[in-house]
Amino acid sequence: MNPVTATTASPVILADAASVPVNPVADAEPTPLVDARAQLAEAIELLGYGDGLHRMLATPRREMAVAVPLRRDSGETEVYLGYRVQHNFSRGPAKGGLRYAPNVNLDEVRALAMWMTWKCALLDVPYGGAKGGIAIDPRDHSVGELERVTRRYTSEILPIIGPERDIPAPDIGTDERTMAWMMDTYSVNSGYTVPGIVTGKPIALGGSLGRASATSRGVTHIALAALRHAGIEPGRATAAVQGFGKVGADAARFLAEGGVRVTAVSDQYGAIRNDAGLDIEALSDHVRATGSVVGFAGGDELDRDAVLTQDVDLLVPAAVEGVLHGGNAADVLAKVVVEGANGPTTPAADAILRERGVLVVPDILANAGGVIVSYFEWVQANQAYWWRVDEVESRLEERMLNAWRHVLGYAEARDLSLRTAATALAVERVAEAHRLRGLYP
Ligand SMILES: NC(=O)c1ccc[n+]([C@@H]2O[C@H](COP(=O)([O-])OP(=O)(O)OC[C@H]3O[C@@H](n4cnc5c(N)ncnc54)[C@H](O)[C@@H]3O)[C@@H](O)[C@H]2O)c1
């Protein structure tokens, strides 16, 4: 991504409510925001809500776009664009990840923030949704440069974040080290340590035991339940996992521990396959050593995107948005799709998969383990009292499976897809909170 050359101070952009289409344009390009709005529109119609409430829920409460100047190790200055979008506060402070990727843009961040609102409401954690990002490729930067970018971005968005306002967490391209820098920058500016400002921190700084693997554990709880629901015994099941990062790698490991034969995985560089089952531990060692799944001796090379159309029982997309679309959904052979990533399935793909009888468990349910344990981390940090890992993991499992049963029951009673059911349940909860609080003034 080319950095911009501007060096001006950060503009604050207010969402233009009038520009938010209540009904998405039918032939709009499939982007995450178009998809997210289409899903909201479907839920609004199902719930019988009016246009005013629809506009409220389609429009982020607050958006900030900032310039992030970076002094590179070479001495040159570059400027990157950063964003923070707070979609909703009706149920509590905003909560959501921070993404470093070259293609980050305001519309993508808006979509991800909206999905966070639904996820928090669905899992009944007391937050609204937010998301942030910087259009930067972290692989092009030294650790020192990433630290300076993170501290400058944190300083720019400082007025709108805080443990009672908006609590960031890791997402694509960021990790616990990024969260430590954010926490330190916020704390230095406050004059005292504020561990509740971010989640996904290192354990030594007040992070929660079990947070790093929470999203993947949650994906696995849901995947095993969904397989059984589809009549497939996990011990006889096969799986393909797209993405071998924080979510995908541990999801593959936990699935294998749960008896599922993981036969194909991919990352942004390529894919590998072994019909006898990949040795996930050995593969993780290979990725730690080389940075990619490519070249792993325990499998054969596969075309990168062929991971999506493997003849397996379970497909876990755990990389980026929009990978299952109108052009490839008919080729998906899996019987169950469990969304580790946010927004991997476009509405066009959703319709095709439903028609073909594929069970799709939506992101706002399947990958909610991360925000659940983020909530546990925030509670622990605010109370300065830390839980044992078995307490964290059993509470995580209980919440995930309760939400699974709730969504399944709602969907079956009304003959809805799991996504429509989950979105409608979540939208209903946010609308209820909004109604009870009333519209100020
Ligand atoms: N980290 C969390 O706790 C969390 C929680 C909920 C949802 N998510 C979502 O899960 C997804 C992955 O996040 P992460 O934290 O694991 O990020 P990450 O940066 O740790 O890993 C991303 C992985 O996806 C791979 N990838 C990127 N493009 C790809 C492509 N086109 N094909 C195949 N692989 C590709 C990368 O090589 C990497 O292996 C994102 O959608 C994120 O929003 C993450």
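A compact globular protein would have a Cα radius of gyration near 2.2 N^0.38 Å; the ratio found for the stretch 357-417 is 1.39. Paramagnetic label reach from residue 73 (point 7 Å along Cα→Cβ; backbone nitrogen cut-off under 20 Å): within the stretch 130-152, residues 136-152. Applying the Karplus relation 6.51 cos²θ - 1.76 cosθ + 1.60 with θ = phi - 60° to the stretch 38-52 yields 3J(HN,Hα) values of 5, 5, 5, 4, 5, 5, 4, 5, 4, 7, x, 7, x, 5, x Hz, where x marks Gly and Pro.
Stokes-Einstein diffusion for the chain, with the hydrodynamic radius set to the Kirkwood value over Cα pairs and evaluated at 10 °C in a medium of 1.306 mPa s, equals 72 µm²/s. For the chain, the relative contact order works out to 15 percent when only alpha carbon pairs closer than 8 Å and six or more residues apart are counted. The Stokes-Einstein estimate for the stretch 184-235, based on a Kirkwood radius over Cα pairs and taken at 4 °C with 1.567 mPa s viscosity, is a diffusion coefficient of 95 µm²/s. Long-range amide H contacts for residue 104: which residues qualify at under 5 Å (H placed 1.01 Å from N, peptide plane, sequence gap of 5 or more or a different chain)? Counting only residues 5 or more places away or on other chains, the set is 136. Backbone geometry of the stretch 293-305 corresponds, through the Karplus equation with coefficients 6.51, -1.76 and 1.60 at θ = phi - 60°, to 3J(HN,Hα) couplings of 6, 5, x, 5, 6, x, x, 9, 5, 9, 4, 3, 7 Hz, x marking Gly and Pro.
At full extension, residue 330 and residue 177 could sit 51.0 nm farther apart than now, given 0.36 nm per residue minus the alpha carbon distance. Counting only DSSP beta bridges whose two residues both lie in the chain, roughly 50 percent are antiparallel. Taking only alpha carbon atoms, the stretch 304-441 gives an Rg to Rh ratio of 1.04, where Rh is the Kirkwood radius.
The value obtained for the stretch 152-193, namely the Cα convex hull volume divided by the number of residues, is 74 Å³ per residue. The simple spin-label model puts a point 7 Å past each Cα toward its Cβ; for residue 439 and residue 412 those points are separated by 3.9 nm. Using θ = phi - 60° in the Karplus curve 6.51 cos²θ - 1.76 cosθ + 1.60, the 3J(HN,Hα) couplings for the stretch 236-249 round to 10, 8, 10, 9, 10, 10, 9, x, 10, x, 4, 8, x, 5 Hz; x is entered for Gly and Pro. Scanning the chain for chymotrypsin sites (Phe, Trp or Tyr not before Pro) lying in DSSP loops with no more than 15 further Cβ atoms inside 10 Å, the longest uninterrupted stretch between such sites is 1-191. For residue 97, the residues whose modelled amide H falls within less than 5 Å of its own, excluding neighbours fewer than 5 places apart on the same chain, are 132, 169.
Taking the Cα centre of each part, how many Å lie between the stretch 139-210 and the stretch 33-73? Spelled out, the Cα-based centre of one part sits 24 Å from the other. So if I take the centroid of the Cα atoms in the stretch 268-329 and the same for the stretch 347-417, what is the distance between those two points in Å? Going from one Cα centre to the other spans 24 Å.
Figure legend: label point modelled 7 angstrom from the Cα of residue 236 along Cα→Cβ; residues of the stretch 298-319 with amide N under 20 Å from it are 311-315. Relative to the current alpha-carbon distance between residue 391 and residue 276, full extension at 0.36 nm per residue lengthens the span by 37.9 nm. Rg and Dmax of the stretch 214-366, both derived from C-alpha coordinates alone, stand at 13.8, 43 Å. Using a simple spin-label model with pseudo-atoms 7 Å out from Cα toward Cβ, residue 384 and residue 356 lie 5.6 nm apart. The modelled label-to-label distance for the pair residue 311/residue 401, using points 7 Å beyond Cα in the direction of Cβ, is 3.4 nm.
Each reported figure results from applying straightforward, stated rules to the coordinates on display, with no laboratory input. Quick caveat: nothing in here was measured; it's all calculated off a predicted structure. In this analysis, Cβ positions are derived from the backbone assuming ideal geometry, glycine residues included, and neighbour counts consider all displayed protein chains.
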